[in-house]
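Chemist: Please read through the structure below; I'll follow up with questions.
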């Protein structure tokens, strides 16, 4: 489990994704028409006007009894931390590979690149719903310089090694990267880049924080989804489908040393209302869920170990 730190302007100190979803709100450009969209770089949110002749500040307009503005969502660079994994940030912007790349002598690079200065102990970084050719993670300190570097390819191999598969099978892409071995230092600087060549790079969610070992994931853990699509039949039996989003659900079965049972119970109680990354195993994406647990139960099986069942629903 990874408990994320909060990310604001003091933590994400640089990013190459432009904050250009819409024009910046300005009282000088008011009034705005119904349907007009603006951003505020102070809040990193996109707003849409709900009325004509709108002179309200969006931050105030969303709080009115009859709102004059609605929040559409986070701006492009801040979708990376908006707790909506499928609401991805996409860009193909240049950045300096000498700063962001590991084991690479490239002169130019494109994609998404950002720098975090957490000011807290961070031993884990997770990238969810990503798309690119490589992901790079660097850790530096002022005293020691670069102390950690990782370069991970995001394209997988073929299930079958033959010419038919080579020419006809779609390229298998990794959509997540989870690292839990980062060295910790209060003054550490973490640099992350998702590199791409021909298409926009993508990051759905970046989670940086401390990892907590809850125990060993057992056979019998499972996954499912909650589908919010609308499926109705009319009086003649015709099916009408309106496709909508879905959320993942994971059911974890965990075995732990009995001596850490109380600690695990308290850790889970602490995150009962906080989106948290639960990692069953890293090689099955269906058992990696960033969300809130709905149900949790721990049983003392014997003098040696306890077992827990946790149901986690994606945010």
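Chemist: Take the range 171-194 and flag every residue that is crowded, with 21+ Cβ neighbours inside 10 Å and touching a helix residue (DSSP H, G or I) at 6+ places or on another chain (Cβ under 8 Å).
Modeler: Of everything in the range 171-194, those that are crowded, with 21+ Cβ neighbours inside 10 Å and touching a helix residue (DSSP H, G or I) at 6+ places or on another chain (Cβ under 8 Å) turn out to be 191, 192, 193.
Chemist: Could you please find all residues in the range 97-124 being farther than 22 Å from residue 187 by Cα and surrounded by fewer than 17 Cβ atoms within 10 Å (Cβ to Cβ)?
Modeler: Result: 103, 104, 105, 106, 107, 108.
Chemist: Could you please give the count of residues in the range 98-117 that are assigned to a loop (DSSP other than H, G, I, E, B) and closer than 15 Å to residue 15 by Cβ?
Modeler: The total comes to 1.
Chemist: Name the residues in the range 293-315 that are surrounded by fewer than 18 Cβ atoms within 10 Å (Cβ to Cβ) and closer than 23 Å to residue 6 by Cβ, would you?
Modeler: 313, 315
Chemist: Right, next: Checking the conditions here, which among 76, 90 is in contact with a strand residue (DSSP E or B) (Cβ under 7 Å, 6 or more places away or on another chain), modelled with pLDDT of 95 or more and surrounded by fewer than 20 Cβ atoms within 10 Å (Cβ to Cβ)?
Modeler: Selected residue: 90, the only one of 76, 90 that is in contact with a strand residue (DSSP E or B) (Cβ under 7 Å, 6 or more places away or on another chain), modelled with pLDDT of 95 or more and surrounded by fewer than 20 Cβ atoms within 10 Å (Cβ to Cβ).
Chemist: Anything in the range 1-34 that is exposed (fewer than 12 other Cβ atoms within 10 Å of the Cβ) and in a strand (DSSP E or B)? List them, or say none.
Modeler: 13
Chemist: Inside the range 252-278, can you point out the residues that are part of a strand (DSSP E or B) and surrounded by fewer than 17 Cβ atoms within 10 Å (Cβ to Cβ)?
Modeler: Selection gives 255, 257.
Chemist: Could you grab me the full set of residues in the range 105-118 that are in contact with a strand residue (DSSP E or B) (Cβ under 7 Å, 6 or more places away or on another chain) and closer than 21 Å to residue 200 by Cβ?
Modeler: If the condition is that a residue be in contact with a strand residue (DSSP E or B) (Cβ under 7 Å, 6 or more places away or on another chain) and closer than 21 Å to residue 200 by Cβ, then 108, 109, 110, 111, 112, 113, 114, 115 are the ones that fit.
Chemist: Here's a follow-up. Please go through the range 203-245 and give me each residue that is under 21 Å from the mean Cα position of the chain (by Cα), more than 29 Å from residue 12 (Cβ to Cβ) and surrounded by 11 or more Cβ atoms within 10 Å (Cβ to Cβ), ordered by number.
Modeler: 223, 224, 225, 226, 227, 228
Chemist: Just the residues that are in contact with a helix residue (DSSP H, G or I) (Cβ under 8 Å, 6 or more places away or on another chain) and in a strand (DSSP E or B), please, taken from the range 279-315.
Modeler: Within the range 279-315, 279, 293, 296, 298, 300, 305, 306, 308, 310 qualify.
Chemist: Which members of the range 229-253 meet the condition of being touching a helix residue (DSSP H, G or I) at 6+ places or on another chain (Cβ under 8 Å) and closer than 19 Å to residue 219 by Cβ?
Modeler: 250, 252 - these are the residues of the range 229-253 that are touching a helix residue (DSSP H, G or I) at 6+ places or on another chain (Cβ under 8 Å) and closer than 19 Å to residue 219 by Cβ.
Chemist: Residue 267: within 17 Å of residue 211 (Cα to Cα), at pLDDT 95 or above and touching a strand residue (DSSP E or B) at 6+ places or on another chain (Cβ under 7 Å), yes or no?
Modeler: no
The values are calculated or read from the model by the stated rules, or taken from the named source; none is laboratory data. Remember, predicted model here, so these are calculated numbers, not experimental data. Reconstructed Cβ throughout: ideal geometry from the backbone, glycine too, with neighbour counts over all protein chains shown.
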